[in-house]
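Right, one structure below, let's go through it.
The values are calculated or read from the model by the stated rules, or taken from the named source; none is laboratory data. Small disclaimer: the values here were computed from a predicted structure and weren't measured. Here the Cβ is made from the backbone with ideal geometry for all residues, glycine too, and neighbour counts use every protein chain on show.
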Amino acid sequence: MRYEEAEMPRITEDKDVIVQVKACGICGSDISRYRKLGPHTPGQVWGHEFSGVVVEVGKSVTSLQVGDRVAGCPAIIDEDDYYYRAGQPARADSLHAIGAKIPGGFAEYIKLPEKNLVKVNGLDFDTATMVEPSTVVLHGYYRTNLTAGDDVVVVGAGGTIGLFAVQWAKIFGAKRVIAVDVDDAKLQFARELGADYTINAAKENVLAQVAEYTDGLNADLVVEAAGTPATAATVFGYAKKGGGVVFLGIPYGDVAMERFYFEKILRSELTVWGSWSCVSAPFPGKEWTTTIHFMNNKRLNTDKLITHRVPLKQGPEMFERLINRNETIGKVIMYPEN
């Protein structure tokens, strides 16, 4: 990874908008890309959790004007795509995120289509960078049948996605939220953000503890937010009969499952939901407007999620710190020097 001069974006389409980036977060998927997969396009500018100010608009842009504060929806989709036209943009075959094929937000400026920018007037720039990860969680919850009074287990509760999952579960009306992770410091974050119980999977028997905290029934909904092959293979054990599991994390590896956990799907008649991206129709979807609403009324807390703030030029060093895991690091926000 390098910190270097990049090409300044230019308006080329009538619906193009250029944004001066004020802040951009490092996503867990960025870390996995760096550690495991490498870039989709070598030499590409990464970053897809950003906020900024509109500085230039194409001649057909109507919903935005220079000076608007915005967050960016990273999902780039061909509007002729069958699933996009069917009102299911998250399933579009053409979907890709900024930072993969086109430049992302780890830069001073970024160009996106008008429809990919959402006004965040009222939010500070740090909070606005967190809109996108929140929408990922909300998109997943919209896939489930979570209702008020349910018990929810969040596996991988110490990461950004997991901490948003804890908060959204409470907003949806969950009775008990049980946070599972392997880091005591991050589990404390989860408790401060609304988790009723915490379980350190490295020290405790998760199956036994979940059963104890749910009167022996287990959870109505289990959220897989860790994105590891091990957690993806075991989350079925924490769901009650007739309950469900929603997958938000990406394992980036093969998942080998013991018979005990696989048979939970059958014997407990579980519902399993996959969840991808953060968008719905009309694009980019109510995930975005709902997130901004709950951030503005302070029901979603982002301050406790952000642990490090650094200038963009320290990005390469920060990624090394993130993969070495020698310290507790939550969400990292980087700032271009513009």
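Values for this structure:
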| read-out | value |
| --- | --- |
| Checklist (1) in a loop (DSSP other than H, G, I, E, B); (2) at pLDDT 95 or above; (3) of a type in the set (Phe, Trp, Tyr); (4) farther than 30 Å from residue 214 by Cβ applied to residue 276, failing item | (4) |
| Among residues of region 42-66, those that are surrounded by fewer than 23 Cβ atoms within 10 Å (Cβ to Cβ) and either within 23 Å of residue 6 (Cα to Cα) or polar (S, T, N, Q) (or both), counted | 15 |
| Single residue of region 295-338 satisfying the filter (part of a helix (DSSP H, G or I) and crowded, with 17+ Cβ neighbours inside 10 Å) that is nearest to the chain's Cα centre (by Cα) | 295 |
| Filtered residues of region 3-21 (kept if in contact with a helix residue (DSSP H, G or I) (Cβ under 8 Å, 6 or more places away or on another chain) and within 12 Å of residue 52 (Cβ to Cβ)) | 17 |
| Only listed residue being in a strand (DSSP E or B) and at pLDDT 95 or above, chosen from 166, 153, 137 | 153 |
| Those residues of region 197-228 which are more than 20 Å from residue 244 (Cα to Cα) and either in contact with a Gly (Cβ under 7 Å, 6 or more places away or on another chain) or acidic (Asp, Glu) (or both), in sequence order | 204 |
| Flag if residue 123 is buried (at least 19 other Cβ atoms within 10 Å of the Cβ), of a type outside the set (Ser, Thr, Tyr), part of a helix (DSSP H, G or I) and touching a helix residue (DSSP H, G or I) at 6+ places or on another chain (Cβ under 7 Å) | no |
